[in-house]
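Presented below is the structure to which this report refers.
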Amino acid sequence: MDKNITRRNISFSPPDITELEIEEVCAALRSGWITTGPRTKLLERRLAAYIEAGRTDIDCENTEAMNRYSNRVVCLNSATAAEELNLRILGIKPGDEVIVPAYTYTASASAAVHCGATIKFIDIQKDGDPITHMPEMDYEALEAAITPKTKAIIAVDLGGIVCNYDRIYEIVERKKSLFTPIESDGTPLGDLSSRIQKTIGRVAVIADCAHSLGASRVFRGERKYCGAIADFTSFSFHAVKNFTTAEGGASTWLPLDGIDNAEIYKVFQLLSLHGQNKDALAKSKIGAWEYDIIGPWYKCNMTDIMAAIGLRQLDRYLGLLERRAEMMKKYDEVCAELGISHMIHHTENMDSSNHLYLIRIPGIDVETRNLIIEKMAERGVATNVHYKPLPMMTAYGKDCSTYPNAYDYYRNLITLPFHTLLSDEDVDYVCDTMKAVMSEVKR
Ligand SMILES: Cc1ncc(COP(=O)(O)O)c(C=O)c1O
């Protein structure tokens, strides 16, 4: 590396917050309504419009948009909560099996554990999907793993790259005869879960879209945005994500024949707010103090302060995605020059949300990978690893021997810093640092 290049400090993924978000948060604080309220409801409708139309400029405060986009998205305090509520609405319970890729973050699996289900991990395809190189599930192994106990498959759009949902749906349709829906237990939740399972009539497809808000893929011959593909979807708005509300997340689902979206939305609200049948806004109406507790449920609602950040982030989101795509080209070029493999975020049929830039360095082991990470850090470049496969973790048994492809993918993987606070000069600095470090280590 040229000795004259001035050292820079490149963080891994700081939030991109402008005065617009700060002003909206202040407005929320001054408004007198800081918990779940009008800003959260507006963000829900705007997200629903974005998922349906790919547009962030639809006015969601007029009556037509209220009718069209209400009861479609539920904002919550994290993606983990969103995934757990997706599973609880579906009626996932002890004795059920939920299939999860071995190559993901713990939240993809832990939400199912919280519901008492048994996790079945699936290895990934060797070196990931042949076109995108995303560590996507081995679909043959997925098909073989479905049993009469399987109730859901969690597909993970890692880094923003959308899984092959056509293939996943084909598999669950083929295995339909193994599926038996639960019967209603007579409670409002149990009754809804039973009707949902009967309507879906097969293993449910659940998308972990923590990384992929705004990503799209041709699905059943038509381009669809994440959130409009899987039976149920969860998004993350955590501080490191492309789109943030500090912490936060959202659930959405595909409309189900014979079940009103308003009913599903209402049950999400109950599950996220203690099972209380009136939220704070409803209770604040004159003489309306009295409420019932329908079930001893959870507390994971989004506040209007968080939603305030989200509203202004959404105004900027298409621009943020464009900037990410621009930076990505530079990384792609340097990877080609160095003979390093990377995920492909855009194909004829798919456009990723460009969330994570994963590279794999041919021929190196874990120690060399870690040495490269250290050397990059010494030069001020923070990197990361997405992910250490879940079966390697204490909580999941610390044994990856039956998931060789997941281990192999992780062995030589590094995630480069990738965020919209990087200037062109920062991106050049990361590229130059990579070149310098690669020339120093033995491959
Ligand atoms: C793949 C994946 N799923 C789920 C989550 C959980 O998101 P949250 O922190 O919003 O609960 C994360 C968080 O990083 C993630 O990477």
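Conditions (1) charged (D, E, K, R); (2) within 16 Å of the ligand (Cβ to nearest atom); (3) in contact with a Phe, Trp or Tyr (Cβ under 8 Å, 6 or more places away or on another chain); (4) not in a loop (DSSP other than H, G, I, E, B), marked per residue:
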| position | (1), (2), (3), (4) |
| --- | --- |
| S194 | no, no, no, yes |
| V218 | no, no, no, yes |
| G227 | no, yes, yes, no |
| A230 | no, yes, yes, no |
| V240 | no, yes, yes, no |
| T244 | no, yes, yes, no |
| Y265 | no, no, no, yes |
| Q269 | no, no, no, yes |
| K285 | yes, no, no, no |
Legend entry - Single residue of segment 69-86 satisfying the filter (within 8 Å of the ligand (Cβ to nearest atom) and assigned to a helix (DSSP H, G or I)) that is nearest to G249 (Cα to Cα): A79
Legend entry - Qualifying position, being out of contact with any Asp or Glu (no Cβ under 7 Å at 6 or more places or on another chain) and part of a loop (DSSP other than H, G, I, E, B), among E326, E348, E337, E322: E348
Inset, instruction - Determine if segment 99-106 includes at least one residue that is polar (S, T, N, Q), open to solvent by 10 Å² or more (accessible area, probe 1.4 Å), within 18 Å of the chain's Cα centre (by Cα) and farther than 30 Å from S341 by Cα. - result: no
Inset, instruction - Please go through segment 109-158 and pick out each residue that is away from the ligand (no atom under 16 Å from the Cβ), in a strand (DSSP E or B) and closer than 22 Å to S401 by Cα. - result: T118, K120
Inset, instruction - Using the structure shown, decide if E290 is of a type in the set (D, E), open to solvent by 40 Å² or more (accessible area, probe 1.4 Å), within 16 Å of the ligand (Cβ to nearest atom) and out of contact with any Asp or Glu (no Cβ under 9 Å at 6 or more places or on another chain). - result: no
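One residue is enough: does segment 175-186 have a residue meeting the conditions open to solvent by 10 Å² or more (accessible area, probe 1.4 Å) and within 16 Å of the ligand (Cβ to nearest atom)?
Within segment 175-186, none of the residues are open to solvent by 10 Å² or more (accessible area, probe 1.4 Å) and within 16 Å of the ligand (Cβ to nearest atom).
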Legend entry - Pair list, Cβ under 7 Å, 6 or more apart: segment 76-87 residue in contact (Cβ under 8 Å) with a residue 40 or more places away in the chain, other residue near the ligand (Cβ under 7 Å from one of its atoms) and assigned to a helix (DSSP H, G or I): A79/A107; T80/A107; E83/A107
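The values are calculated or read from the model by the stated rules, or taken from the named source; none is laboratory data. Every value quoted in this text rests on a predicted model; they were computed, and no experiment measured them. FYI the Cβ positions are ideal-geometry reconstructions off the backbone, even for glycines, and counts take in every protein chain you see. Surface areas here come from the heavy atoms of the whole protein model, side chains and all, with no ligands, DNA or RNA. Shrake-Rupley method; radii C 1.70, N 1.55, O 1.52, S 1.80 Å.
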